[in-house]
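Here's the structure we're looking at; comments come further down.
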Amino acid sequence: MKKIEIGHGSGGRLTRDLIQKLFLKYLGSEELKPLEDAAYINLRHHHAAMTTDSYVVRPLFFPGGNIGKLAVCGTVNDLAVSGAVPRYLSVGFILEEGFPIEHLEEILKGIAESAKQSGVHIVTGDTKVVEKDKCDGMYINTTGIGEIVKPLPLDNVSVGDMVLITGTIGDHGTAIALVRDEFTITANLASDCAPLNDLLQPLFEIDGLKWMRDPTRGGVATVLAEVSDVTGLGVEIFEENVPVREDVRFISDMLGYDPLYLANEGKAIIIASHESANKILTILKKHPLGQNASVIGHVTSKFKGVRLRTKIGGERLLDMLEEDMLPRIC
């Protein structure tokens, strides 16, 4: 059988065959193999972090990844920036009737490879099939559970703290834009989609680490605007310190995008004490995912909101994104 049929979502023999012959082939952890209604998992600590997300990216395949890799990395990163070590994931699939089995298999490979790289176990899941033309091939929902190592609430942030970014911004949003039907620009650019737990976990040992967030939808500017809104403090960032690939900058100028508002799927914003910022930067730069890390600004009480200090000495206010410049990017 080469395509998904409506019966694959019935819960009967076709569903069982799909699970046994394909899903377990790639995602068959010991916790998942019993195929019970709930998975039994073991957490050493009493306090756990839990997150859930749904992925509707268009297209399903893009330079640097696919919806499966994106789903694992996005969920792992949400746990990692919360000061938790990711342990377990659930994965739920909504498939469209007629979806090619070979495409499903390629996506499952992306899930399996990303889970292995992240050190997480996929322990439970669900599959539903809807009629043809009722969804864009596939949607994925994930839930992640991790062990809290270092809680990082936003109220940790205070005046004088430094703002860091782990690498170049806007790569994912730009890569997705270029493969959409309406754009015909050719560039050697891939999504930054990657699990960040290996990069970020060494920072949990640093006392001066205050807060982290992965700037996905809305990008860096929206995340920092949320920081200001919640804390009542201001954030000043310096344009010359914000790492942006030249091709991302060029394409953004052509399409009317601002890299500060474009989505990222393999970057983290970090707020840390002034004293610990350089130590954190040194650790980040030793990792392949952190080689372009930079201190981009600081927290201040002189104003509220986010202000960008431009390269020519001017000033620009950055507010939350009202609506997606490029919807369906994750």
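One table, with the values for the structure above:
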{"item": "Strands (runs of 3 or more DSSP E) contained in the range 268-310 and holding at least 3 residues closer than 20 Å to Leu200 by Cα", "result": "269-272, 294-300"}
{"item": "Entirely in the range 1-104, the helices (runs of 4 or more DSSP H) that have 1 or more residues that are of a type in the set (Ser, Thr, Tyr) and within 24 Å of the chain's Cα centre (by Cα)", "result": "24-27, 67-80"}
{"item": "Qualifying residue in the range 51-65 (condition: in contact with a strand residue (DSSP E or B) (Cβ under 8 Å, 6 or more places away or on another chain), among the aliphatic types (A, V, I, L, M), modelled with pLDDT of 90 or more and surrounded by 14 or more Cβ atoms within 10 Å (Cβ to Cβ))", "result": "yes"}
{"item": "Given (1) under 23 Å from the mean Cα position of the chain (by Cα); (2) surrounded by fewer than 14 Cβ atoms within 10 Å (Cβ to Cβ); (3) modelled with pLDDT under 95, index of the condition Pro288 fails", "result": "(3)"}
{"item": "Search result, residues across the range 82-100 that are touching a Lys or Arg at 6+ places or on another chain (Cβ under 7 Å) and either without any contact (Cβ under 8 Å) to a residue 12 or more places away in the chain or surrounded by fewer than 21 Cβ atoms within 10 Å (Cβ to Cβ) (or both)", "result": "Ile94, Glu96, Glu97, Gly98, Pro100"}
{"item": "Close pairs (8 angstrom Cβ cut-off, 6 or more residues apart or separate chains): modelled with pLDDT of 80 or more in the range 24-40, among the acidic types (Asp, Glu) anywhere", "result": "Tyr26/Glu105"}
{"item": "Cross-chain or 6+ apart pairs with Cβ under 7 Å, the range 127-149 first and within 30 Å of Leu203 (Cβ to Cβ), then of a type in the set (D, E, K, R)", "result": "Thr142/Asp53; Gly144/Asp78; Ile145/Arg87; Gly146/Arg87; Glu147/Arg44; Glu147/Arg87"}
{"item": "Residue pairs meeting the criteria (Cβ under 6 Å; at least 6 apart or on separate chains; first among the basic types (Lys, Arg), in the range 219-247; second surrounded by 21 or more Cβ atoms within 10 Å (Cβ to Cβ))", "result": "Arg245/Thr168"}
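The values are calculated or read from the model by the stated rules, or taken from the named source; none is laboratory data. All figures in this text were calculated on a predicted structure; none of them were measured in a lab. Positions of Cβ are backbone-derived with ideal geometry, glycine not excepted, and every protein chain shown enters the neighbour counts.
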